[in-house]
Amino acid sequence: DGSNVGFIRICGKNHGFKKFSLSELEKQWDFCSLPDGLYVYSDKNPFEYSETIFIAAAGGAVMLGDNSEISGIDIYGGGTHGITGSVKNAKITDCRIHDFGGANLVTDERPNIRFGNGIELWSDAQDILIQNCKIYNIYDVAFTMQGFPKKGGWKCRVQKQYFMEQSAIL
């Protein structure tokens, strides 16, 4: 199902030139993901450039739970978020979080809205520590706190982060 791809990677380079109709495909690596498949504009068969084509489809890699700890892992490659949740007492330490985002936000009434964050904490997340993580190649933002808090807002500490250039996903 190619209906919600955030970006494609060919020859080790991310291409985020997502279009929303076939008629918009105009230049090399423009792509359009529709319910019947993924369409890529290329001057020749894309597999002639690379044996491996990476497709970042919608879906986050890690859903946090209360009292959870994630440490020392490499989390990458999805059309939405790397880590997400509305939780209490969680730690994210010494991780690499990269190559996320660009999928279509289908729950938004506005057309063609793209999203995707490295770490997204939702309403009322509390006692969260994010420390010594490298976050890069994210379509939207590296770290965000979103939603409509009802119980007192967010309580998070972010220490020693490395937010690298986001030039690879446009």
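What do you get for GluC sites (Glu not before Pro) in region 54-154 restricted to DSSP loop and a cutoff of at most 12 other Cβ within 10 Å of the site's Cβ?
109
Hand me the trypsin sites (Lys or Arg not before Pro) from region 1-84 located in a DSSP loop with no more than 12 other Cβ atoms within 10 Å, in residue order please.
Of the trypsin sites (Lys or Arg not before Pro), the ones in loops of region 1-84 whose Cβ has at most 12 other Cβ atoms within 10 Å are 27, 44.
Determine the alpha carbon to alpha carbon distance for each of 18/91; 18/134; 13/134 and list only those over 22 Å.
Checking Cα-Cα distances, 18/91; 18/134 exceed 22 Å.
Give, as ranges by residue number, the residues of region 78-115 whose backbone N falls under 16 Å from the point 7 Å along Cα→Cβ of residue 54.
Only 78-83, 96-103 pass the distance filter.
Based on the alpha carbons, how large is the Rg to Rh ratio for region 52-117 when Rh follows Kirkwood?
Ratio of gyration radius to Kirkwood radius for region 52-117: 1.03.
Can you check what the Kirkwood hydrodynamic radius comes to for region 1-99, Cα pairs only, in Å to one decimal?
It works out to 15.1 Å.
Tally up the carbon and sulfur contribution to the accessible surface of the chain as a whole percent, 1.4 Å probe, everything protein left in place.
Whole-percent figure for carbon plus sulfur exposure: 49.
At 0.36 nm per residue, minus the direct Cα-Cα distance, what do residue 150 and residue 105 gain on full extension? Give it in nm, one decimal, please.
This chain segment gains 13.8 nm when fully extended.
Of the options 12, 105, 70, report the single residue whose Cα projects farthest towards the positive end of the charge dipole of the chain (beta-carbon charges: Lys, Arg +1; Asp, Glu -1).
Of the options given, the answer is 70.
Using the heavy atoms of the protein chains and a 1.4 angstrom probe, tell me the accessible area per residue for the chain in square angstrom.
Each residue of the chain exposes 53 Å² on average to a 1.4 Å probe.
Calculate, in nm to one decimal, what residue 3 and residue 94 gain on full extension: separation in residues at 0.36 nm each, minus their alpha carbon distance.
Length gained between residue 3 and residue 94: 29.4 nm.
From the phi angles alone, apply the Karplus equation (6.51, -1.76, 1.60; θ = phi - 60°) to region 31-48 and give each ³J(HN,Hα) in whole Hz, x where the residue is Gly or Pro.
9, 9, 10, 10, x, 8, x, 9, 10, 10, 7, 8, 6, 7, 3, x, 6, 6
When only DSSP loop residues count, what trypsin sites (Lys or Arg not before Pro) in region 99-152 have their Cβ near at most 16 other Cβ atoms within 10 Å?
Answer by residue number: 150, 151.
The values are calculated or read from the model by the stated rules, or taken from the named source; none is laboratory data. Just so we're clear, the structure is a prediction, and the values are computed from it rather than from any experiment. Cβ: placed from backbone, ideal geometry, glycine included. Neighbour counts: every protein chain shown. In case anyone asks, the SASA skips ligands and DNA or RNA and just uses the protein heavy atoms, side chains included. Shrake-Rupley method; radii C 1.70, N 1.55, O 1.52, S 1.80 Å.
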